[in-house]
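The values are calculated or read from the model by the stated rules, or taken from the named source; none is laboratory data. Computed from a predicted structure; not experimentally measured. All Cβ positions, even for glycine, are placed from backbone atoms using ideal geometry, and neighbour counts span all protein chains on display. Side chains included, ligands, DNA and RNA excluded: accessible areas come from the protein's heavy atoms. Shrake-Rupley method; radii C 1.70, N 1.55, O 1.52, S 1.80 Å.
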There are 2 protein chains.
Amino acid sequence: MVNSLYICIMERDLSTEERIKEAAKQVFIIKGLAGARMQEIADAANINKAMLHYYFRSKDQLFKKIFDEVIGEFAPKILSILGEKRPLEVKVKDFVHQYLDMLSKNPFIPLFLISELRDQPEHVIEKVGIKRSGALDHLDQQLKTEAQAGNIRSIAPAHFMANLISLSIFPFLAKPILQSMFQMSDEDFSSFIEERKVLIPQLIMSSLKP
Amino acid sequence: MVNSLYICIMERDLSTEERIKEAAKQVFIIKGLAGARMQEIADAANINKAMLHYYFRSKDQLFKKIFDEVIGEFAPKILSILGEKRPLEVKVKDFVHQYLDMLSKNPFIPLFLISELRDQPEHVIEKVGIKRSGALDHLDQQLKTEAQAGNIRSIAPAHFMANLISLSIFPFLAKPILQSMFQMSDEDFSSFIEERKVLIPQLIMSSLKP
DNA sequence: AGTAATGTTAACCATCTGGTTAAACTAAAT
DNA sequence: ATTTAGTTTAACCAGATGGTTAACATTACT
């Protein structure tokens, strides 16, 4: 049976390989590697199941391709903004703003990445590890010099990053819990995220005041 | 084949039902519902696979039992501390301290809960929703009166909670990424968490300064 | 002791699932 | 038109998986 959730997006003008990748991305992101079924992906792509194996030898290889693609367009965006040579406060605001926007459009990505982190940590480490090198050097330097100049309190880059990312990503992971805890509708949650675009930079910057 | 990871914990003096639950908890927490195999749970509990179905009719029912138990001993701990009638700063410190301790001992719990949130949101909503009612009333009141008294900046309880929980939980979810990003060993990560016990309350409280 | 209820085991089953195969279709190249 | 390479399909397969059954063992009850 064709799953009506997916086919709507499966435009016919895409190449078969592209259709498979789009379908696989949707299914994997929502169900995870273990939970996804090849048949479901085939249905979503509106093709025969054998085609999956024709284009991507195995489920694992298909998943790896999707995973790499997703992480490949996700991780760099995190780091590029913070690596730029602009004032700290501007970068923080920009980061939070862009990041929350992206997450609003792709709310399942964080869980997807983190879930598979559980089973394939080496794989992710390898992927993210490469991207990191150098990208944060300027931030490290910036935090150090600003602290030495007495403009901000001294903070380890790891904590700075952990705070920023935690505050931005986690609400999306815990969305259902937050919604139930504070009786938010989906619209309420959107407003909640909008508020956080202002709130998180305030929080981060105020904590850096010397 | 018996999985050597699990059996060490399966003491013989536990009742069969308890052994199953302990084993299932371990396997489910690490592999998730879809990734866990009944045979693996049986091996970990050192019993016949049929016993699983004798004590808990199906995989889903077994999972539900485990899930409810885990969430049942996890969620209340979050809320009880913050619901107490003590000064805000004391509660925040206490919460972060106890929470990070618990997470250090059970680092897989957050991913477990959040992963299955994806497939069974209603179930969690129901579970958490009940616990919530009333538990946070005092905190709501406290945030409001303190703000009116001019002691703290005004903040919505949802944001306050989101900040606190995000900062505490997320680093455990992203542990492998953080470790790779900042080249932390496991010991480094433990120190990192220890530092956060001080850092998070500072961060939260400094952001509340009027 | 005898019997009923409960606990345990091994063998079995239906279905699902990832993956394969060989034949058929298509379209470009000769 | 024939060949050739790439693409698509339907049927099939072996192993895994959740779940069942019926016989056997143990404990509790009378």
field: Those residues of the stretch A:175-194 which are at the interface with chain B (Cβ under 7 Å from one of its Cβ atoms) and within 20 Å of the chain's Cα centre (by Cα), in sequence order
entry: A:PRO176, A:ILE177, A:LEU178, A:PHE192
query: Regarding A:ARG57, is this residue within 16 Å of DNA strand C (Cβ to nearest atom), open to solvent by 80 Å² or more (accessible area, probe 1.4 Å) and under 20 Å from B:ARG118 (Cβ atoms)?
result: no
task: Report, ordered by the first and then the second residue, all pairs with beta carbons closer than 6 Å, sequence separation of six or more or different chains, a first member in the stretch A:143-157 that is among the polar types (S, T, N, Q), and a second member that is open to solvent by less than 90 Å² (accessible area, probe 1.4 Å).
output: A:SER154/A:ALA147
query: Under the condition of being within 7 Å of chain B (Cβ to nearest Cβ) and closer than 21 Å to B:ILE193 by Cα, which residue from the stretch A:195-210 is surrounded by the most Cβ atoms within 10 Å (Cβ to Cβ)?
result: A:LEU203
- prompt: Would you say B:ILE66 is of a type in the set (Val, Ile, Thr) and within 16 Å of DNA strand D (Cβ to nearest atom)?
  reply: yes
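For every residue, the table says whether it meets (1) among the aliphatic types (A, V, I, L, M); (2) farther than 16 Å from A:GLY32 by Cβ; (3) in a helix (DSSP H, G or I).
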| position | (1), (2), (3) |
| --- | --- |
| A:VAL70 | yes, no, yes |
| A:PRO76 | no, yes, yes |
| A:ILE81 | yes, yes, yes |
| A:PHE95 | no, yes, yes |
| A:GLN98 | no, yes, yes |
| A:SER104 | no, yes, yes |
| A:GLU116 | no, no, yes |
| A:ILE125 | yes, yes, yes |
| A:VAL128 | yes, yes, yes |
- prompt: Among the residues of the stretch B:5-58, which ones are of a type in the set (Gly, Ala, Ser) and modelled with pLDDT of 95 or more?
  reply: B:ALA23, B:ALA24, B:GLY32, B:ALA34, B:GLY35, B:ALA36, B:ALA42, B:ALA44, B:ALA45, B:ALA50, B:SER58
query: Going through the stretch A:28-49 one residue at a time, which ones are near DNA strand C (Cβ under 10 Å from one of its atoms), over 22 Å from A:ARG118 (Cβ atoms) and open to solvent by 60 Å² or more (accessible area, probe 1.4 Å)?
result: A:GLN39, A:ASN48, A:LYS49
query: Looking at A:LEU199, A:LEU178, A:LEU164, which one is part of a helix (DSSP H, G or I), in the same structural domain as A:LEU100 (by TED's automatic domain parsing) and touching a residue at least 40 places away in the same chain (Cβ under 8 Å)?
result: A:LEU164
